[in-house]
Each structure stands twice: as structure tokens, then as C-alpha cells.
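Trainee: My structure is below; once you've seen it, I'll send some questions.
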Amino acid sequence: MTFKHNFKKVLSATAFAAALVVAPAANVSAATNDASSTQQSATATSQDQQASQDQAASQSSAANQSSSTSTSSATSTSTVKKTTKKAKKTTKKSKKKAVRKVAKKTTKKKATKKAKKTSKKSTKKTTKAATAAVTASAGQSQATDQQDDAAKKAAEVAAKKAAAKKKAAAKKKAAAKKKAAAKKKAAAKKKAAAKKKAAAKKKAAKKSAEKAAKYWIAMRESGGYYTARNGSCYGRYQLLISYLGGDLSKKNQERTADRYVYGRYGSWVNAKRFWLAHNWY
């Protein structure tokens, strides 16, 4: 009867030890989902295990005392001890594994957070730099556009000024050319007038000289009488009567005398010159 009672106690201790093995495994499974609760659960489990181990040790001690009379009871107690030791080892290993996993997850979270923060900071910095570059480029482009507009306006003003200057120069040149042409025309006109005047004067002088020479010869030949006669010569210029063709009029004498002199001497002046040399013409 005592053996059966002791064996039941051993079985109860074995079942309790198995429960202790299962309990830490459940706690370890929960620890993988949440690091903080796992650590707390592991701590609580450790305390429970410690209490259970103390109770199991106490019960094992009692069982050892109760089963000292039986070899089978001693064997069962040894098995319980081994199981308890194995459960402790498994619990410790699971606890370390859970702690490492939590530490790894925490480190990964920290690294991810740090990477995100660095990436965000880098993106912000890049965006700021890009915005500054775009702003600078826009400012530079605007400044370049303003410079181009200013240069274009200056070129247009210079072109207009040059065109106006060229037009004024052309106008001035045309005016000078027109003035020179007018002056030349006036000079030519004046020269022509002077030439005409000189020609007229010369003609008048020639006419006067011709008239004077004609008068001089008439006075030498007949004393100026249209009826003077000297042998076969008759009239104011003492022409042969045959030259007059039977017309002894003043008009015919003048016409016949001019025809004779211009035909033979070219002018009355030349006829006078010949008369002075030969005393006749």
C-alpha cells in the first residue's frame, strides 16, 4: 500500500515536471511575437519554474524519503531529477534563444529606423539641394534672359541709331550732290552764257569790223557814191558792170559786193588787208 502511494506521488511529480517543460515552450513561443512581453513572461516563467522547482525538489525530497524502502521508488525519483534538470536546461536555452531573438529584432528595428531616418535626412538634404539648384538655375536663367533682352534692346537701339545716322549721311550726301550738280549746272550755264556773250560780242565785233572794213573800201573806191563810174567799173564798190548783171540798184550793189568779197577773200577785213597791200581788191 505504501509503495503504491509513493509511486502515485512519483507519477505526480513527473507530470508536474512535464508541465514545467511545456510551460516554458509556450512562453518562448509568445516571446517571438512581442519582445517586451516575452521578456516579462520569461521572467515570470523563470520565477514560476523556480517555485515549481523548489516545490518539486521538496516533493522529490519527500518522495526520496518515502521511497527509501523501495528500489523502484528510487529509480522513479532519479528519473524525475533527470527530467527536472533537462527541463531547466531546456528552459534556460529557450530563454537565451528568446533573448537573442528579441535583441536581434530590436537591433534590426533600430537599424531599420536609423536607415529610414538617414534616408529621410538624405532625401530631405537632396531635395533641398535640388530645390536650391533649381532656384539658382531659374535665377541664373532669368538673369541670362534679362541680359539677353538688354543686349537685344541695346542692339536694336544701336541699329536704329546707325540706320538714322546712315540715312542722315545719305541725305546729306544727296543734298551735297544736288547742290554740287546745281552749282555745276549754274557754272555751266554761266559759262555758256559767257561763251554766248563772248561769241555774240565777237560776232558783234566781227560785224562791226566787217562793216568798218566795207565802209573803208567803199570810201576808197568811190567816196561812198553808188553812181560813181570809172571806165568799166561802176557804183559804190567800183565793181565791173558785168558783175551787176544790168541791175545798178543800191540793193544789188550791196549784195553783189558781199558775194564777191566773201567769195574771193572770205571777209571784208581780209579784203581791206589785201587792198592795203595792193591798193585794189
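The values are calculated or read from the model by the stated rules, or taken from the named source; none is laboratory data. Remember, predicted model here, so these are calculated numbers, not experimental data. Because the Cβ atoms are built from the backbone with ideal geometry, glycine has one as well, and the counts that use them run over all protein chains shown. Side chains included, ligands, DNA and RNA excluded: accessible areas come from the protein's heavy atoms. Shrake-Rupley method; radii C 1.70, N 1.55, O 1.52, S 1.80 Å.
Trainee: For VAL269, which of the numbered conditions (1) open to solvent by less than 50 Å² (accessible area, probe 1.4 Å); (2) not in a helix (DSSP H, G or I) fails to hold?
Mentor: Single failed check for VAL269: (2).
Trainee: Consider LYS109 carefully, then state whether it is under 58 Å from the mean Cα position of the chain (by Cα) and either open to solvent by 60 Å² or more (accessible area, probe 1.4 Å) or modelled with pLDDT of 70 or more (or both).
Mentor: Taking the combined requirement at face value, the residue satisfies it.
Trainee: Given the structure, is LYS196 more than 60 Å from the chain's Cα centre (by Cα) and assigned to a helix (DSSP H, G or I)?
Mentor: Yes; evaluated as a whole, the condition is true for this residue.
Trainee: Shifting gears a bit: Can LYS191 be described as within 30 Å of THR256 (Cβ to Cβ) and either of a type in the set (Phe, Trp, Tyr) or open to solvent by 100 Å² or more (accessible area, probe 1.4 Å) (or both)?
Mentor: no
Trainee: Looking only at the stretch 255-266, which residues are open to solvent by 30 Å² or more (accessible area, probe 1.4 Å) and not in a loop (DSSP other than H, G, I, E, B)?
Mentor: Of everything in the stretch 255-266, those that are open to solvent by 30 Å² or more (accessible area, probe 1.4 Å) and not in a loop (DSSP other than H, G, I, E, B) turn out to be ARG255, ASP258, ARG259, TYR260, TYR262, GLY263, ARG264.
Let's see how each residue does on (1) outside any loop (DSSP other than H, G, I, E, B); (2) open to solvent by less than 60 Å² (accessible area, probe 1.4 Å); (3) at pLDDT below 95:
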{"position": "LYS203", "(1), (2), (3)": "yes, no, yes"}
{"position": "SER208", "(1), (2), (3)": "yes, no, no"}
{"position": "LYS211", "(1), (2), (3)": "yes, no, no"}
{"position": "LYS214", "(1), (2), (3)": "yes, yes, no"}
{"position": "ARG220", "(1), (2), (3)": "yes, no, no"}
{"position": "TYR225", "(1), (2), (3)": "no, no, no"}
{"position": "ARG236", "(1), (2), (3)": "no, yes, no"}
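Trainee: Shifting gears a bit: Does any residue in the stretch 186-202 that is of a type in the set (A, V, I, L, M) come within less than 7 Å, Cβ to Cβ, of a residue that is in a helix (DSSP H, G or I) six or more places away or on a different chain, and which pairs are these?
Mentor: Sorted first by the residue in the stretch 186-202, then by its partner, the list stays empty.
Trainee: Taking the stretch 238-254 as the search range and keeping residues that are open to solvent by 30 Å² or more (accessible area, probe 1.4 Å) and within 16 Å of TRP280 (Cβ to Cβ), which one is farthest from the chain's Cα centre (by Cα)? First the steps, then the outcome.
Mentor: Initially, the stretch 238-254 is screened for residues open to solvent by 30 Å² or more (accessible area, probe 1.4 Å), giving 240-243, 245-251, 254.
So of that shortlist, the ones also within 16 Å of TRP280 (Cβ to Cβ) come out as 240, 243.
Working: LEU240: 109, TYR243: 105 Å.
Per the criteria, the residue is LEU240.
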